[in-house]
Amino acid sequence: MSYSISVNGEVREFDVDGDTPLLWVLRDVLGLTGTKYGCGIAFCGACTVHVNGAAKRSCVMPVSSIGTAEVRTIEALHETPEGKALQQAWRELDVVQCGYCQPGQLMSAAGLLAENPRPSDKDIDAVMDGNICRCGTYVRIRAGIARASGLISSAGKKAKSGAST
């Protein structure tokens, strides 16, 4: 069947079965390999993407369920304020170890920060609980999210003070 979906701001057309998971459309059909396969049952979070701004597991989401929704992948993370702040924080704090889970970690974190720009450690832990890091960098991931939150807050304060001059 023919589908047309918006991915990272660009309408993409392709032919696949409707029950094909979005993950495989992104990776195998569209060549967006940043989103990773981890478990195939929405348990590990490696396949996390945004669908209309909400973090979703693409390994269990049939492409037929996308409809007119906007899909955003790790390849476009830098286009959002949350994504830019997270990428800066990840670099500053050397969050990544092996890196395999990081696209999913970053997409989940960006979803959190878009909804709650000043999360507590408890908020971070609750949202990130479904993302597995085999290297165990959870403390650095939490610190990275907290740092990104501070960067977003600082950018907002600078914008407000600059606007009043």
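Checking each residue in the range 95-143 for being over 15 Å from GLY83 (Cα atoms), surrounded by 15 or more Cβ atoms within 10 Å (Cβ to Cβ) and of a type in the set (Val, Ile, Thr) picks out VAL96, ILE124, VAL127, ILE132, THR137.
Scanning the range 17-41 for residues that are touching a residue at least 24 places away in the same chain (Cβ under 8 Å) and in a helix (DSSP H, G or I) yields a total of 4.
A single member of LYS36, LYS84, LYS56 is in the same structural domain as ILE132 (by TED's automatic domain parsing), within 15 Å of the chain's Cα centre (by Cα) and of a type in the set (D, E, K, R), and it is LYS84.
If the condition is being among the aliphatic types (A, V, I, L, M) and either in contact with a Gly (Cβ under 9 Å, 6 or more places away or on another chain) or surrounded by fewer than 16 Cβ atoms within 10 Å (Cβ to Cβ) (or both), then the range 30-68 contributes ILE41, ALA42, ALA46, VAL49, ALA54, ALA55, VAL60, VAL63.
Looking only at the range 106-136, residues that are under 22 Å from GLY40 (Cα atoms) and of a type in the set (Ser, Thr, Tyr) come to 1 in all.
The values are calculated or read from the model by the stated rules, or taken from the named source; none is laboratory data. The shown structure was predicted, so the numbers you read here are calculated from the model rather than taken from an experiment. Glycine gets a Cβ as well: all are built from the backbone with ideal geometry, and neighbour counts include every protein chain shown.
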